[in-house]
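One structure is given here, and the rest of the page talks about it.
The values are calculated or read from the model by the stated rules, or taken from the named source; none is laboratory data. Quick caveat, the model's predicted, so the values are computed rather than measured. Cβ atoms come from the backbone with ideal geometry, glycine included; neighbour counts cover every protein chain shown.
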Amino acid sequence: MAPSLSDLYPLVSLPRITDLDLCHQVVIPTITSTNTTHIDIGISKSIISSYILKPTPKLVWSFPLSPSTIVECMDVQETDGNSTDFVKTYVVGTTERKNYKALIIKRHNDTADHFEIKLDSKVKGVKLSKCGKFVYAILVNGGLKLLKINDDNLEDVSLDLQLKSGNELVYYKFISNHDFKYDNDLLLTIESNERSLVYKLTSLNYEKSFEINQFSHFAECQSIFTYQSGILYEFNIDKLEISSRSIIDFKVLKSIKVDSIIDAPTKSINDYSIICPSDERLLLSWKSKLYLINFKFQSLLDTYTRLDKIYIKQVVDVKGSSTNTSSTFAIYLHYNARKKNTSLNIINVNTGINSLSECLGKSIVKRKNDSEFKGLTNVIDDSFDKESTKVSKELKEIYDELVELKEKKNINKWELIVVPYLKNKSWSSIKKTLAKGTPAEEFSVFEVENDRVIDPHFISKVLSLIFDEQLDFIPEYTLIYLLTHPLFTYEHTKGLLSLFTQLDKPRLLRQAIITCPNLSIEEISLQLNNDNLEIFQDVITRLTNEFSVNQITHQLNDILQSKQNNLNLETILNNLIKLNNNQSWYLIQSIIDVGGLFNWSMNTVNNLIEIIEDKLASIMANNYNLTLTNQAILINEPIRKLNKNKKSGKKTTEKSTNIIELNNEIQQQQLNSILSIQNNAGKKLKDDGIEISKRIPNYSIEKLIL
């Protein structure tokens, strides 16, 4: 499934908190599993609360706060009490005017006990120890407190790892899973002073906590941070640059620029947020946009946009190395400027599997010279530089020739150049062919083993020549080949299917639907209106292979609400019923979800009822036959006694083997006698399940002889 961002549902609407920035209004503890059924939320000047997520979000517990209490941080730990009482421990760092506190709440089903301790500095982070008897509290000045949880109070244990005075904590992360030789949890902190950033890694071992390493460097710019699997990611707001650092020595490993996707950057640090859902995948929010970025391949995987400001608060970590470990969800705040309210929302995130193929055509790196091409040759060749320069000049010459042919509208000569060259034919032999005026070869497709390795920029420039504003030059052989090429650029896929539909090019349309990479779900979904059933089948195949039901449903809903909506759900549903296969049923649920239960004609409803009744009859018939088969085998399972007249001289092992073989043969004969009844049904249905059930009638109708 392709990497994507798709809005799921709103979780809660927040009270109006006018004197707090969006990023400070809500605190959410770390969520450890994508299968969680509940979520805990700390809402400043309101409540500490717990919500269930399924089947619909619902408040199940709350603890009130005073109107002046700001929630700075929170951690939650679930423990089993006695057989009738459930215990959940909340530790919350709060600020109430100039009073700084650590608050403990022990929740017993519907009741809660609480107690607190005053501290001399603002608490920015808290962490319950694994045993649940201690709390680590990181202060705004970088100091570390160890608090012991007693029955009815908090005790300040003698531990204080405060750094130099004047430092201010800008980021912290409690790390439980790491590759260090220490078995303890780690604390990663970043503090700032007037001229530098101080990176610090501490081993947490109760009273014996100690510093592992520390690093500082000059930095006057604003930065925000996130952490994943031993790597610290730093987003420099002034430079619009993301850097990665290993927490072993805090040296920069790699940096990428994101100025190509942030077109009008602001200097306010609260306009940005960054979080890492899996290795080398980042979620970056800026104003009303949320970006999914692949750091390794410097690619923009997907973009999600709301009308007003959004801010990412939490994401569930996943491995992101396979399709089974790439789906997760994130929680973000959304401020609606028109209604002047803030809501907490959940969004589906598919991180992808961190492969090059899913990043092709999505680069965020700006090309320095748009008119130059790179010559890609064999790196083992001793004359690599010479060959690379030669190929670069060759590509420039070919492109100039294509520009001239485009102006002359000479499609035949164009076709003699592009595909043959990409098929590894030499430029010199192509020029000889052009002089002869040979007709162009017909349709060819990309073959990874045989075709030329080419600069992606060359493919992009060729596509730009074809898809200009005039649209009177359509070299079909070239397009068929390029639509199968993995380097078909993302920017040229926007509106591609609609264009081929308008130009009445069904061959190009089908080829694009089946093989063109980087097609968006919106682009494909708009083709569900196509009257050609073959093309319609191609569309639903592409949709079901690459996108989930939730993604398809959300996209169809967005299209219906847009001004350019031209989808006819009734027609789409009837076409799906006509196809009546697994892929069509995969989409039927999305169509019904979007269209509602009461917006269909009686003819459509009756068609659905007929198919569903046939499927139910098939299930019942198969269930009867399966029960009969199991019972027949179980009744005849005891091994029949062997003939007493068998020779007694046979070995015990031979007897055992003969018994097993004889029993297996008997069972196979019994099963064959059950399954060999002829099909007396007349009409054949498309559904294989129904057809099988007709071949094996119910035992209540026909007699079986074993």
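What the table below lists for this structure:
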read-out	value
In the stretch 152-196, the residues that are of a type in the set (Ser, Thr, Tyr) and at pLDDT 85 or above	Tyr171, Tyr172, Ser176, Thr189, Ser192, Ser196
Test: residue in the stretch 495-504 that is in a helix (DSSP H, G or I) and over 30 Å from Pro420 (Cα atoms)	no
Any hit, the stretch 202-209, residues being assigned to a loop (DSSP other than H, G, I, E, B) and not β-branched (Val, Ile, Thr)	yes
When residues of the stretch 505-533 are limited to those that are in a helix (DSSP H, G or I) and more than 27 Å from Glu358 (Cα to Cα), the one modelled with the lowest pLDDT	Asn529
In the stretch 254-268, the residues that are within 23 Å of the chain's Cα centre (by Cα) and over 11 Å from Ile237 (Cβ atoms)	Ile256, Lys257, Ser260, Ile261
Residue count for the stretch 475-484, restricted to those that are assigned to a loop (DSSP other than H, G, I, E, B) and either touching a residue at least 40 places away in the same chain (Cβ under 8 Å) or among the acidic types (Asp, Glu) (or both)	1
Among residues of the stretch 85-131, those that are of a type in the set (S, T, N, Q), loosely packed, with under 15 Cβ neighbours inside 10 Å and in contact with a Lys or Arg (Cβ under 7 Å, 6 or more places away or on another chain), counted	1
Selection status of Glu191, touching a Leu at 6+ places or on another chain (Cβ under 6 Å), surrounded by 12 or more Cβ atoms within 10 Å (Cβ to Cβ) and not aliphatic (A, V, I, L, M)	yes
Residue in the stretch 237-251 that is part of a strand (DSSP E or B), under 25 Å from Leu144 (Cα atoms), without any contact (Cβ under 8 Å) to a residue 12 or more places away in the chain and not aliphatic (A, V, I, L, M) present	no
Tally of residues being part of a strand (DSSP E or B) and more than 26 Å from Ser229 (Cα to Cα) across the stretch 311-344	7
Test: residue in the stretch 28-38 that is surrounded by fewer than 20 Cβ atoms within 10 Å (Cβ to Cβ), in a strand (DSSP E or B) and either on the phi < 0 side of the Ramachandran plot or free of Cβ contacts under 8 Å to residues at least 60 places away in the same chain (or both)	yes
Search result, residues across the stretch 94-115 that are in a strand (DSSP E or B) and free of Cβ contacts under 8 Å to residues at least 40 places away in the same chain	Thr94, Thr95, Glu96, Asn99, Tyr100, Lys101, Leu103, Lys106, His108, Thr111, Asp113, Phe115
